[in-house]
């Protein structure tokens, strides 16, 4: 794979834990990163994907070949905690980046990757790599970019093999907010940009395990003042804020490991019957708090085109997903009802609780990127809060 001619030397490698070495052209930052290699099937929204904190610890293979063609901008960033900057550790592309061709673009993707310290590689047969992940599961790997083309392949193989992987790994401390703050920004509209919630009618406390900005915008859109708190905030401190409802956010890593400190808080809030809504990691940890368990998935679900069936309505939603762990539905107690299921593999995609005002979903109803089929869930949460408030006054 390595050529004698210096001009033909690859400037980047992706080295997998099984010894596979893929050579290509380096993009973005120089240096090396180690992580779990997954694939994402979204055809749009690469900037939102790469700034989603849920991707902490992962290297993304984009199955769509044209990544970078619309450039980047400052409006489509999803990470809240700018100290952590991104979730993703590296990106794998089929084609080299072309110049941006979009009126919203302010920077070339390669420049943007450099500014955010993300290592990239292009020229990879992403169809073959995706098929390998589909058949064999998500491998650990090292992505490295060195313009001189000098690589110690045996050392890189050892690094990929020795990295422990995401099972048992708590990555939330790397992406959570460091202090409490209030969020008021709402949806983006053409010619106006993002709006603001100036007349909230309810108060939601969002626990930040790696929350996305568009989740907060959707919560604010429904008429809520949103207080965002760090992942380690105690139940007592959350209740002291007098929330009408609590939101459990998305985030990276193993839910069972993060749950060692998050689940007791969630249990306490559920016991107080505070209306609660969880997404992704928040969904998984709510299930654990209710007596369920989670499991590592073979290839995970990553993309903006995943079909999910709502058992209550019989409707199918096209959703945005990003997770490598799932709730084991056989572990759920009788008080928990499975509300949604993935039509790709039958895995759990949502639950509700019969004796408490709580529900959660495995997918991302806020999208960004992705379709807006599931925005109704934020309105459902607002209704759940209002019903609880009316009952308390009765």
5 Å binning of all Cα-Cα separations within region 6-70, expressed as whole percents from 0 upward:
3, 13, 22, 26, 21, 10, 4, 1
In nanometres, the difference between 0.36 nm per residue of separation and the alpha-carbon distance of residue 188 and residue 66 is 41.5 nm
Rounded, prolate or oblate: which fits region 171-259, taking a ≥ b ≥ c as square roots of the Cα gyration tensor eigenvalues, rounded meaning a/c under 1.5, else prolate when a/b beats b/c?
oblate
Starting from the Cα coordinates of region 172-393, work out the convex hull volume and express it per residue in Å³.
121
How many nm is it between the label spots at residue 152 and residue 296, if each spot is 7 Å from the Cα in line with the beta carbon?
2.7
Highest mean first, what order results for 141-152, 41-52 on Cβ atoms within 10 Å?
41-52, 141-152
The exposure ranking of 280, 38, fewest beta-carbon neighbours within 10 Å first, is 38, 280
If I model a spin label as a point 7 Å beyond the Cα along the Cα-Cβ vector, how far apart are those points for residue 181 and residue 117 in nm?
1.9
Take every Cα pair under 8 Å in the chain that's 6+ residues apart, average their separations, divide by the length, and report that relative contact order as a whole percent.
15
Residue 338 to residue 305: extension gain in nm, 0.36 nm per residue of separation minus the Cα-Cα distance?
9.8 nm
Computed lengthening from residue 241 to residue 103, 0.36 nm per intervening residue step minus Cα-Cα distance
45.4 nm
The exposure ranking of 225, 127, fewest beta-carbon neighbours within 10 Å first, is 127, 225
Return the calculated 222 nm mean residue ellipticity for the chain, to the nearest 500 deg cm²/dmol, obtained by summing -39500 (n - 2.57) across DSSP H runs with n ≥ 4 and dividing by the residue count.
-7000 deg cm²/dmol
Order these by the 10 Å Cβ neighbour count, fewest first: 163, 188, 112.
188, 163, 112
Rounded to the nearest 10, the angle in degrees between the Cα long axis of helix 126-136 and the longest principal axis of the Cα atoms of the chain comes to 60
Translational D in µm²/s for region 8-162 (Stokes-Einstein at 10 °C, 1.306 mPa s, Kirkwood Rh from C-alpha pairs)
103
Sticking with the crude label model, points 7 Å out along Cα→Cβ, report the distance from residue 272 to residue 328 in nm, one decimal please.
3.1
Let's test the formula: R0 of 56 Å, r as the Cβ-Cβ distance of residue 74 and residue 128. What FRET efficiency results, to the nearest 0.05?
0.95
What three numbers, in Å, describe the spread of the alpha carbons of region 132-200 along their principal axes, ordered from the longest?
60, 32, 30
How far is helix 376-393 tilted, in degrees, relative to the longest principal axis of the Cα atoms in the chain, given as a value from 0 to 90 rounded to the nearest 10?
30
If you average 1/r over every pair of different alpha-carbon atoms in the chain and take one over that average, what Kirkwood value in Å do you get?
21.4
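All of the numbers you see were taken from the coordinates with simple rules; none came from a lab. This structure is a prediction, so every number in the text was calculated from the model and none was measured. Don't worry about glycine lacking a Cβ; one is built from the backbone with ideal geometry, like all the others, and counts go over all protein chains shown.
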